[in-house]
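To start, the structure itself, in structure tokens.
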Amino acid sequence: MDALLAELAVICGPEHVLTDPDVTAGYATDWTRRFRGRARCVIRPGHVDEVARALLACGRHGVPVVPQGGNTGLVGGGVPAGENAVVLSARRLRRLDPVDALSGQVTAGAGVTIAELRAHAAGAGLEYGVDLAARDSATVGGTIATNAGGILTIRYGPTRAQLLGLEAVLGDGSVISRLGGIQADNTGYDLTQLLAGSEGTLAVITAARVRLWPAQPSTLTVLAGVPDIEAAARLQAEIRALVPAVRAAEYFEAAGLALVRAHTGLPAPLARDYPAYLLADAAASDDDAERLAVLAQLQHAAVAMDAQARAGLWAYRERHTESISAQGIPHKLDVAVPLARIAQFRAALDSVIAKADARAVVFGHIGAGNLHVNVLGPAPDDDSVDDAVLRLAAEHGGSISAEHGIGRAKAAVLHLSRSAAEIAAMRAVKSALDPDGLLNPGVLFVPPGRRPPVTPPFSPGGTTPR
Ligand code: FAD
Ligand code: MLT
Ligand code: ZN
């Protein structure tokens, strides 16, 4: 056994240092199967002190560390690229304190899943404001590190909006902890927000203090057929204007529905087929439901008011990801564009996909202007369609990552969404907090000397190179 493995076995316990390649392979391959490496070993620390000592040991040996939660990330950020890195699984950091009902807050360990956190909050009559189809595996730490969005973003904001404080370990083993839940706290740099969306490049998150909301369960789910994305964008705005308690506004198209039905055996949701669909979910009163009846597009909708029927409608949306993966290894491009330009973007996307001789399945959180462009056809290591789609989003004033992050997948094109000055500032932060580049090298930033940007930069607001 090499010296580092021996040290890690002392720190975490030998049973929590995994080296069997059949076991570690699962930690070194991402959910999409597009990104894979080999892990020198996987460590599963069970306490913040073990995380700190493990990072110190890896640093002393000059061995990089890839933090990992539920490994549901879709941009290759949670798996190693080469063979040298240690994967640090945070799944055993499972602290889950009693809900503080007075403040509406709770402290949760990084390895607690989103489903567990939501159930814990619900037990106290409260709700955690993040939910996503990967809820049974995605962790508190991973969702903070990616600043995950999900289906409730239009109601409660993304993960960063839920954060009141973090406990985390920096690359040098120092622990920063702010779990007191003080909301009024203007004492300098907000390190909690800095770590939200840092994708494991600045620190290992070990626990979080999060806000909870008064529970406001969904009572009404509507699935409406629409002629196109423009109609879907309009309909979601009309619904949100009439019913303030809308929780989700989701979009999918005929091609995605066909894949879901083929994969799951679900029946057609509506009496006839439509080119596109809007799924809206609300904590609606009877009055709200009556108000919605005035919307012409809802004459052809399925409306569900009990939990089972509502889940049935949600399945058409939530089972897209697995149904697409059953077809092959997708290129998952998660973009956001202003709603006013979403139809223009969607039309231009068809030409980009046709040129690439590929097929695209488009769905997403339309209420947030967030579209998931899943491209099937190109080889996993052929990035040309990725570049073309991301560039198109930037040209339409959008973001190349709405919610999944940059990871390894988009590191070479970060400049499409961030200016040179912003990237320089971000690199300066990285150098200050992780001077030896111990944490997640190759994620967010291309390592020095690697693939240069292949496309010219665009400003997020237009097409002006800078
Ligand atoms: P991982 O995949 O393990 O890691 C993700 C990133 O976070 C990596 O860069 C990793 O290094 C870092 N990281 C993980 N844990 C830590 C830690 N403790 N400290 C520091 N860094 C860490 N995403 C959305 O935003 N919205 C959705 O609606 C959504 N739906 C999904 C549905 C399905 C079916 C699937 C498979 C994925 C979906 N995702 C979605 C993507 C994914 O679930 C999120 O990115 C999620 O936040 C990843 O959490 P995780 O615990 O699996 O993290
Ligand atoms: C979703 O919204 O379902 C996810 O972000 C997963 C995906 O993009 O496949
Ligand atoms: Zn999503």
Q) Given the conditions (1) open to solvent by 10 Å² or more (accessible area, probe 1.4 Å); (2) hydrophobic (A, V, I, L, M, F, W, C); (3) under 29 Å from residue 409 (Cβ atoms), which single one is not true for residue 302? A) (3)
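I need a count of the residues in the range 45-75 that are more than 11 Å from residue 12 (Cβ to Cβ) and more than 16 Å from ligand 2 (Cβ to nearest atom).
In the first step, residues of the range 45-75 are kept if they are more than 11 Å from residue 12 (Cβ to Cβ); the result is 48, 52, 55-56, 58-75.
Add one more test, that the residue is more than 16 Å from ligand 2 (Cβ to nearest atom), and what stays is 48, 52, 55-56, 58-68.
So the answer is 15.
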Q. Considering only residues of the range 372-398 that are within 14 Å of ligand 2 (Cβ to nearest atom) and in contact with a Ser or Thr (Cβ under 9 Å, 6 or more places away or on another chain), which is farthest from residue 350 (Cα to Cα)?
A. 372
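Being part of a helix (DSSP H, G or I), within 22 Å of residue 237 (Cα to Cα) and within 16 Å of ligand 1 (Cβ to nearest atom) is the filter here, so list the residues in the range 311-351 that pass it. Before you say what the answer is, go through the steps one by one.
Step one: list which residues in the range 311-351 are part of a helix (DSSP H, G or I), which gives 311-318, 320-325, 339-351.
Still in the running and within 22 Å of residue 237 (Cα to Cα): 313-314, 316-318, 339-347.
Answer for the range 311-351, where residues must be part of a helix (DSSP H, G or I), within 22 Å of residue 237 (Cα to Cα) and within 16 Å of ligand 1 (Cβ to nearest atom): 314, 316, 317, 318.
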Q. For the range 393-443, which residues satisfy the criterion of being open to solvent by 10 Å² or more (accessible area, probe 1.4 Å) and of a type in the set (S, T, N, Q)?
A. 399, 401, 417, 419, 431
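Any residue that is over 30 Å from residue 7 (Cβ atoms), of a type in the set (D, E, K, R), surrounded by fewer than 18 Cβ atoms within 10 Å (Cβ to Cβ) and within 15 Å of the chain's Cα centre (by Cα) - is there at least one of those in the range 175-190?
So in the range 175-190, the residues over 30 Å from residue 7 (Cβ atoms) come out as 180-190.
Among the residues that remain, those that are also of a type in the set (D, E, K, R) are: 185, 190.
Restricting the remaining residues to those that are surrounded by fewer than 18 Cβ atoms within 10 Å (Cβ to Cβ) gives 185, 190.
Retained after the next criterion (residues that are within 15 Å of the chain's Cα centre (by Cα)): none.
Within the range 175-190, not a single residue is over 30 Å from residue 7 (Cβ atoms), of a type in the set (D, E, K, R), surrounded by fewer than 18 Cβ atoms within 10 Å (Cβ to Cβ) and within 15 Å of the chain's Cα centre (by Cα).
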Q: Find the residue count for the range 370-386, including only residues that are open to solvent by less than 20 Å² (accessible area, probe 1.4 Å), in a helix (DSSP H, G or I) and either out of contact with any strand residue (DSSP E or B) (no Cβ under 9 Å at 6 or more places or on another chain) or among the aliphatic types (A, V, I, L, M) (or both).
A: 1
Q.
Quick check on the range 365-374. Is at least one of its residues under 18 Å from residue 229 (Cα atoms) and away from ligand 1 (no atom under 16 Å from the Cβ)?
A. no
**Q.** Only listed residue being touching a residue at least 24 places away in the same chain (Cβ under 8 Å) and either surrounded by fewer than 17 Cβ atoms within 10 Å (Cβ to Cβ) or not in a loop (DSSP other than H, G, I, E, B) (or both), chosen from 241, 224, 258
**A.** 224
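The values are calculated or read from the model by the stated rules, or taken from the named source; none is laboratory data. All values derive from a computational prediction rather than experimental measurement. Note that we place each Cβ from the backbone using ideal geometry, even for glycine, and neighbour counts take in every protein chain shown. These accessible areas exclude ligands, DNA and RNA; they are computed on the full protein's heavy atoms, side chains included. Shrake-Rupley method; radii C 1.70, N 1.55, O 1.52, S 1.80 Å.
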